[in-house]
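Before any comments, here is the structure.
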Amino acid sequence: HVMTAARLLVESVAGVMPIDRALARYFLLLTLVPILGSFITEPAAMTLAALMLLPFFRSDAPARFKYATLGVLFVNVSIGGTLTHFAAPPVLMVAAKWQWDTVYMFTHFGWKAAIAVLISGTIVTLMFRRDVIQSAAHAAEDTSTPLPSSAPAAMIILHLLMIAGSVLFAHHPPLFMGIFLLFMGVATAYPQHQDRLILREGLMVAFFLAGLVVLGGMQAWWLQPLLSNMSPTSVFYGATALTAITDNAALTYLGSLVEGLSAEFTVDLV
């Protein structure tokens, strides 16, 4: 229902924009939804955007249009989650260690990321506006997704409150588990208003992050001397290159193992 609320927001904003509705929806899916990833988490933003972009990916659409859309979506979701300290895994792994909160994230990363998201989304929308409009014309009028769309407003609000509580009490296991069990109870009691729970996929992400913490903690012996001899600028370019072949969360977490890093160094790394 969190994703349903986000989808309704996209449709509402698209309806008031003074441009073609399909063009507005496409633009918002590449800009607003990635930024929403800072609040509904990046995986949810990626899933929502992918499902709603599906009507634009008709079989005869140009390959360059599809690749450009996916490329911008991947990048924007990756950086769009940096407005807060709890949504993007690379930030989540270091926020507590470096004492970064949402205010810090927004002032140092968030507003810059939002500008980059808007610029790239605007460019690709203008470049492929004809393809977007043609795809919308070929698609069915009903652009609904498998997400539940007829859930009562009270159910959607309850889900939003539960995810807010999960974020607020993430470091208080008894309260967090209570909210999680409440969510499981609500989902079981009202299956007609729920999509399939993706618990297995969520647990796989949890296992990955847990393994990163367990195994990554053993890497400080070689990281400390290596990073200590690097300048913040060289770390920035090095991390930019490594992010193409390794995981972002792994990079930032390994960097957090090194003690005595300056504020400039940590910002350049992230």
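The values are calculated or read from the model by the stated rules, or taken from the named source; none is laboratory data. Since the model is a prediction, treat every value here as computed from it, not as a measurement. Heads up, the Cβs are rebuilt from the backbone with ideal geometry, glycines too, and the neighbour counts pull from every protein chain shown. Remember, those area values only see protein heavy atoms, side chains included, never the ligands or the DNA or RNA. Shrake-Rupley method; radii C 1.70, N 1.55, O 1.52, S 1.80 Å.
Taking the mean number of other Cβ atoms within 10 Å as a proxy for protection, how do you rank 13-22, 71-80, 35-44 from highest to lowest?
Details: 13-22: 12.8, 71-80: 20.8, 35-44: 22.5.
For the peptides 13-22, 71-80, 35-44, the packing ranking is 35-44, 71-80, 13-22.
Answer with one residue from L242, V270, F74: the one whose Cα lies farthest towards the positive end of the charge dipole of the chain, charges on Cβ with Lys, Arg +1 and Asp, Glu -1.
In the chain, that residue is F74.
To the nearest 10 degrees, how steep is helix 153-168 against the longest Cα principal axis of the chain, on a 0 to 90 scale?
Helix 153-168 and the main axis of the chain meet at about 10 degrees.
Tell me which label goes with the value of percent of Cα pairs over 35 Å apart computed from the coordinates here: (i) 36; (ii) 12; (iii) 23.
Read-out taken from this structure: (iii).
What order, most packed first, do the peptides 110-116, 258-264 have when packing is the mean number of other Cβ atoms within 10 Å of each residue?
Details: 110-116: 16.3, 258-264: 12.3.
In decreasing order of mean packing, 110-116, 258-264 become 110-116, 258-264.
If you fit an axis through the alpha-carbon atoms of helix 199-216 and take the longest principal axis of the Cα set of the chain, what angle between them do you get, 0 to 90°, nearest 10?
Relative to the chain, helix 199-216 is tipped by roughly 20 degrees.
Under a 1.4 angstrom probe, counting protein chains only, how are Y26, Y104, Y253, Y190 ranked by accessible area, largest first?
Details: Y26 0, Y104 50, Y253 30, Y190 105 Å².
Highest to lowest solvent-accessible surface, that is Y190, Y104, Y253, Y26.
Using a 7 Å offset from the Cα along the Cα-to-Cβ direction at both T246 and T188, what is the distance between the two label points in nm, to one decimal?
Going from the T246 label point to the T188 one covers 4.2 nm.
D131 accessible area, nearest 10 Å², 1.4 Å probe?
It works out to around 20 Å².
Can you tell me the 0 to 90 degree angle between the C-alpha axis of helix 111-127 and the longest principal axis of the chain, rounded to 10?
40 degrees
Measure out, as a whole number of angstrom, how far apart the alpha-carbon centroids of region 89-111 and region 1-31 sit.
About 27 Å separates the Cα centre of region 89-111 from the one of region 1-31.
Just how large is the dipole of region 136-270 about the Cα centre, in debye to the nearest 20, putting +1 at every Lys and Arg Cβ and -1 at every Asp and Glu Cβ?
Numbers: 2 positive and 8 negative charges, 66 e Å.
For region 136-270, the charge dipole is close to 320 debye.
Pop the C-beta distance of L199 and K112 into the FRET formula with R0 = 35 Å and round what comes out to the nearest 0.05.
On the way: r = 35 Å, r/R0 = 1.00.
Efficiency, from the Cβ-Cβ distance: 0.50.
If r is the Cβ-Cβ distance from A153 to I123 and R0 is 35 Å, what FRET efficiency results, to the nearest 0.05? Provide the component values of the computation, followed by the final result.
On the way: r = 37 Å, r/R0 = 1.05.
Result of the calculation: an efficiency of 0.45.
State to the nearest 20 debye the size of the charge dipole of region 49-204 about its Cα centre, where the only charges are +1 on K and R beta carbons and -1 on D and E beta carbons. Write down the numbers at each step before the final one.
Details: 9 positive and 7 negative charges, 73 e Å.
Here the size comes out at about 360 debye.
Among L126, I163, T188, whose Cα lies farthest out toward the positive end of the dipole of the chain, if unit charges sit on the beta carbon of Lys, Arg (+1) and Asp, Glu (-1)?
Checked the options; the winner is L126.
Over all directions, average the projected area of the Cα convex hull of region 103-242 and note it in nm². Display every interim value, and only then the final one.
Details: hull surface 56.6 nm².
Result: 14.2 nm².
Sequence-distant or interchain residues sharing an amide H contact under 5 Å with Q194, placed H: which?
For Q194, no residues qualify.
Considering just Cα atoms, how many Å³ per residue does the convex hull of region 168-243 enclose?
Details: hull volume 12.7 nm³, N = 76.
Spread over its residues, the Cα hull of region 168-243 gives 166 Å³ apiece.
Quick one: if you stick a label point 7 Å off each Cα along the C-beta vector at A170 and S12, how many nm between them?
According to this spin-label approximation, the distance is 2.5 nm.
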